[in-house]
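Trainee: Dropping the structure in here first, questions after.
The values are calculated or read from the model by the stated rules, or taken from the named source; none is laboratory data. The structure presented is a predicted model; accordingly, all values stated were derived computationally and were not measured. Cβ placement follows ideal geometry from the backbone for every residue including glycine, while neighbour counts extend to all protein chains displayed.
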């Protein structure tokens, strides 16, 4: 790590040729990022994809202007220098960390990209002693400032109806890919583990044994639900999104749903642990009802009745069996 940092150049130590080379490589990288965003969005958000296509073309135009200036001043050979070669220089997040987080996240990232580029060109222009270079870098800083405003509100570049459709589609995809499988997992983890956990608790009055049973039931159910969700639908026809994402959402929420009322049994006193576990169960069940109402448009009272009454019955079954 220390060796890598020591090999980086400070921005103030770069020559004007190296600054131009850095600008050229940065514009090329940004154009590729915007094209990746456009490809990612094209199927579901064609209007926003078209905007990113246009931004990529703008970056291509900037790169050609910079190359022309470099050729006039320094010749054909452009030094290889990239952002990661300069200490303290802004870095781009890997595309795969952003492109799967939805339209709004991509819009925010684009705005930050243009702000970073604007600051770079302003700093480079201020340090340049060549009039033509200073003028071009200043013009590019102004262009990036304009892009930042556009990227910060891509809504203004498409009609309100189109933007509303795209946001509705993004919300629908979020619900299908994350909320539905996560909710199913939370319901399964919270309800299906009630009977074995409380049956064990009242049969043994041993909190550690109860915790181990709860842990095993929660993790096992999570693994089962995760693989079942991922294998049940590849998302190609249903449009429910990546099976891997859905599997993770379902599996993790199933495990958390079970662990919520298993963890209190780490407390040594049986009745303290049990009372706390029962209280957590009802919090979990009301949370499920709220999620159903918030994202699935299920009337709250109906969702509460179905989930809370159903969960209470399963809890009672576990207590009765364990006490018998």
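Trainee: Contact list please: Cβ distance under 9 Å, first residue in segment 277-295 and closer than 18 Å to residue 266 by Cβ, second residue surrounded by fewer than 17 Cβ atoms within 10 Å (Cβ to Cβ) and modelled with pLDDT under 90, pairs at least six apart or on different chains.
Mentor: Listed pairs, sorted by first residue: 281/312.
Trainee: Which ranges mark the helices (runs of 4 or more DSSP H) fully within segment 103-180 that have 3 or more residues being at pLDDT below 70 and assigned by TED's automatic domain parsing to the domain that holds residue 233?
Mentor: Passing ranges, in order: 160-174.
Trainee: Could you say whether any residue in segment 260-277 is within 28 Å of residue 176 (Cβ to Cβ) and in a helix (DSSP H, G or I)?
Mentor: The first filter runs over segment 260-277 and keeps only residues within 28 Å of residue 176 (Cβ to Cβ), leaving 260.
Right, trim to in a helix (DSSP H, G or I) and you get 260.
Looking for residues that are within 28 Å of residue 176 (Cβ to Cβ) and in a helix (DSSP H, G or I), one finds at least one in segment 260-277, hence yes.
Trainee: Another question about this same structure. (1) in contact with a helix residue (DSSP H, G or I) (Cβ under 8 Å, 6 or more places away or on another chain); (2) over 24 Å from residue 306 (Cα atoms): which one isn't true of residue 271, the others all being true?
Mentor: With (1) in contact with a helix residue (DSSP H, G or I) (Cβ under 8 Å, 6 or more places away or on another chain); (2) over 24 Å from residue 306 (Cα atoms) applied to residue 271, the lone miss is (1).
Trainee: Filter segment 288-305 down to the residues that are assigned to a helix (DSSP H, G or I) and surrounded by fewer than 16 Cβ atoms within 10 Å (Cβ to Cβ) and list them by number.
Mentor: Within segment 288-305, 290, 294, 300, 301, 302, 305 meet the criteria.
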